[in-house]
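Asker: I'd like to ask some things about the structure below.
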Amino acid sequence: MVKMQALILVDIQNDFVPGGTLSVPDGHQVVEVANRVQAGFQHVVATQDWHPADHKSFAANHEGAEPGDRTLLDGREQILWPTHCVQETRGADFVASLDRRRVQQVFRKGCDPDLDSYSGFFDNGQRRATGLGDHLHQLGIETLFVMGLATDYCVKFTALDARKLG
């Protein structure tokens, strides 16, 4: 029996590639790989960082704070970031060269102004789900491949939560 597989494209957005406000060095190189590997999957989904402008993880929303400073959000330690992936802005858009024809659904995260969300599955407090887990379970997905930006945060926590969810 063939195991059902899916590919999750994590946050391949303008603000995370060179020229963006929170760019990953050489982040644009992930786009070519993502476009190439999608053909090997029956199911492809994407996550999208989608912050309101008043998001409390933005250093700009804390008087005197700088990106890289730390604070507490809802009792959890939070690194403060440059303003990025603000809803309805170019920075939040997917990179134009990303082929999205095979992407069946997009799961937005980071929408709660009071709590960040690195994982494509849950907010950082694991109280609110994005719907990605339910979607993959409904499809009968048994094996996931996760790629995107950035490996040290959003890709990492998406992969770890996928593992927790089985």
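Asker: Mind running the shape call on segment 8-97? Use the C-alpha gyration tensor, a ≥ b ≥ c as the square roots of the eigenvalues: rounded below 1.5 for a/c, prolate if a/b tops b/c, oblate otherwise.
Answerer: prolate
Asker: For GLN87, enumerate residues with amide H under 5 Å from its amide H, sequence gap 5+ or separate chain, H modeled in the peptide plane.
Answerer: For GLN87, whose amide H was placed from the backbone, the distant partners under 5 Å are HIS51, ALA53.
Asker: Please list, in order along segment 10-18, the HN-Hα scalar couplings obtained from phi with the Karplus expression 6.51 cos²θ - 1.76 cosθ + 1.60 (θ = phi - 60°), rounded to whole Hz, x for Gly and Pro.
Answerer: Whole-Hz 3J(HN,Hα) from phi for segment 10-18: 9, 6, 7, 10, 4, 6, 9, 10, x.
Asker: Moving on. Given the chain, what percent of its DSSP beta bridges are antiparallel, to the nearest 5?
Answerer: Bridges in the chain that DSSP calls antiparallel: roughly 25 percent.
Asker: Please identify, among VAL24, VAL45, VAL37, the residue showing maximal mean-square fluctuation in a Gaussian network model of the chain using a 10 angstrom Cα cutoff.
Answerer: Of VAL24, VAL45, VAL37, the Gaussian network model singles out VAL37 as fluctuating most.
Asker: Using only alpha carbon pairs under 8 Å that are at least six residues apart, calculate the relative contact order of the chain and give it in whole percent.
Answerer: 30
Asker: Per the Kirkwood treatment, what hydrodynamic radius in Å, one decimal, follows for segment 87-146 from the mean inverse distance over all distinct Cα pairs?
Answerer: 13.3
Asker: Work out Dmax and Rg for segment 54-166 from the C-alpha atoms and quote the Rg first, both in angstrom.
Answerer: 15.1, 48
Asker: How many Å² of accessible area per residue for the chain, probe 1.4 Å?
Answerer: 53
Asker: What's the carbon and sulfur percent of the chain's accessible surface, probe 1.4 angstrom, rounded to a whole number?
Answerer: C and S atoms contribute 49 percent here.
Asker: Give the distance, in whole Å, between the Cα centre of segment 35-54 and the Cα centre of segment 87-166.
Answerer: Between the Cα centre of segment 35-54 and that of segment 87-166, the gap is 7 Å.
Asker: Something else: Tell me which residues come under 5 Å, amide H to amide H, from LEU73 once H is placed; ignore anything under 5 positions away on its chain.
Answerer: The answer is GLN78.
Asker: Kindly provide the helix-only [θ] at 222 nm of the chain, computed as the sum of -39,500 (n - 2.57) over DSSP H runs of four or more divided by all residues, to the nearest 500 deg cm²/dmol? The partial results should precede the final answer.
Answerer: Details: 3 runs with 26 residues, N = 166.
One gets -4500 deg cm²/dmol as the mean residue ellipticity at 222 nm.
The values are calculated or read from the model by the stated rules, or taken from the named source; none is laboratory data. Treat the numbers as computed from the prediction; the structure is a model and nothing was measured. To get the accessible areas, we keep the full protein, side chains included, count just its heavy atoms, and leave off ligands, DNA and RNA. Shrake-Rupley method; radii C 1.70, N 1.55, O 1.52, S 1.80 Å.
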